[in-house]
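Participant: I have a structure here, written as structure tokens, and I will follow up with some questions on it.
The values are calculated or read from the model by the stated rules, or taken from the named source; none is laboratory data. All values reported here derive from a predicted model rather than from experimental measurement. Cβ sites come from the backbone with ideal geometry, for glycine too, and all protein chains shown count toward neighbours. Heavy atoms of the whole protein, side chains included, go into the accessibility calculation; ligands, DNA and RNA do not. Shrake-Rupley method; radii C 1.70, N 1.55, O 1.52, S 1.80 Å.
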Amino acid sequence: MTHVLGIHGVRNYKAADTTPDIGGKRLRTEWLEALGNRVPRLDLEVAYYADLLRSERQSDELDDAEVVLVEQWARAWGVDPSGVQGRATGWVRWICGQVAQRSGQRPAVVEKTVRLLFPEVARYFAAGRVGVRERVRTALLRHRPEIVVAHSLGSVVAYEVLHELASRVDVKLLLTLGSPLALPHAVFHRLDPAPRDGAGEKPPGVRRWVNVADVGDFVAVPKGELARVFTGVVQLPEISIAPAWPHSVLDYLRHRSVIETLTAGCGAAPDPS
């Protein structure tokens, strides 16, 4: 069996997740269903931290920290966020409309991505880092995975914890999906360990790092930048997982390129189905 640890991204909290163990088992079931039986000899666990970053806030208006992240994300798309006044819904909608024009996606899809991602990213860097990293650290040391699959914000957590545990883990493959690690200022310049001379490094305890991004994934920006600003990354060609919502981990896990990467990491022949 090949031990695989999944590290989820944003908005994975469910009310039924009364304990981290229950939440992790639910995500494990969802991930295994997406993979089907196409990756043989797989022992999967998913590290769960969604409860630590969820918000009780009723309004979907962004706070000041979240607004800053949206501004930094917009600039990565070549959009000047000062192009419209205010910081309310209309401001976010205008920025998302500008990004939609540049990417060929529907503005509603872009706006959904922004409202899902940035509140949890802001909470992670503001106050959630210690607790989230502790959960993932514990899962890594308990499960001792040969493969780590990290989606979205989970790739940020994985990067930081794998660096922290450099001398204590031996990971054959780190597979990042829809990763925002290269996003300037909002993520890249806030990493721990911090980039040196404008570059991040593959964690020393990781033998191979493969990154996959959907061509329309608004989180994985700037396009093609991750393999340039991080050493030791194999960047697979951009794929299309689901045009209507190009950031779902389950759609990533269903894609042939992800299945083939995992199968190779498990040391097995790919399933032809």
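Participant: Give the residues of segment 208-235 that are among the aliphatic types (A, V, I, L, M), open to solvent by less than 40 Å² (accessible area, probe 1.4 Å) and part of a loop (DSSP other than H, G, I, E, B), sorted by residue number.
Facilitator: Ala213, Val219, Ala220, Val221
Participant: Could you list all residues from segment 77-129 that are under 18 Å from Pro180 (Cβ atoms), hydrophobic (A, V, I, L, M, F, W, C), in a helix (DSSP H, G or I) and open to solvent by 20 Å² or more (accessible area, probe 1.4 Å)?
Facilitator: If the condition is that a residue be under 18 Å from Pro180 (Cβ atoms), hydrophobic (A, V, I, L, M, F, W, C), in a helix (DSSP H, G or I) and open to solvent by 20 Å² or more (accessible area, probe 1.4 Å), then Leu116, Phe125, Ala126 are the ones that fit.
Participant: Examine segment 207-214 for a residue that is farther than 30 Å from Arg106 by Cβ and more than 15 Å from the chain's Cα centre (by Cα), and state whether such a residue exists.
Facilitator: Checking segment 207-214: at least one residue is farther than 30 Å from Arg106 by Cβ and more than 15 Å from the chain's Cα centre (by Cα).
Participant: Considering segment 237-254 alone, what residues qualify as being at pLDDT 95 or above and over 15 Å from the mean Cα position of the chain (by Cα)?
Facilitator: Arg254
Participant: On to the next question. Just give me the residues in segment 89-137 being hydroxyl-bearing (Ser, Thr, Tyr) and in contact (Cβ under 8 Å) with a residue 60 or more places away in the chain, in sequence order.
Facilitator: Of everything in segment 89-137, those that are hydroxyl-bearing (Ser, Thr, Tyr) and in contact (Cβ under 8 Å) with a residue 60 or more places away in the chain turn out to be Ser103, Thr113, Tyr124.
Participant: Being under 30 Å from Gln98 (Cβ atoms), among the β-branched types (Val, Ile, Thr), in contact (Cβ under 8 Å) with a residue 12 or more places away in the chain and in contact with a strand residue (DSSP E or B) (Cβ under 8 Å, 6 or more places away or on another chain) narrows it down to one of Val215, Val219, so name that one.
Facilitator: Being under 30 Å from Gln98 (Cβ atoms), among the β-branched types (Val, Ile, Thr), in contact (Cβ under 8 Å) with a residue 12 or more places away in the chain and in contact with a strand residue (DSSP E or B) (Cβ under 8 Å, 6 or more places away or on another chain) holds for just one of Val215, Val219, which is Val215.
Participant: Only one residue in Val46, Val39, Val68 is of a type in the set (Val, Ile, Thr) and in a helix (DSSP H, G or I). Which one?
Facilitator: Within the list Val46, Val39, Val68, the selection yields Val68.
Participant: Acidic (Asp, Glu), open to solvent by 70 Å² or more (accessible area, probe 1.4 Å) and either modelled with pLDDT of 95 or more or over 19 Å from the mean Cα position of the chain (by Cα) (or both) - does that describe any residue in segment 35-47?
Facilitator: no
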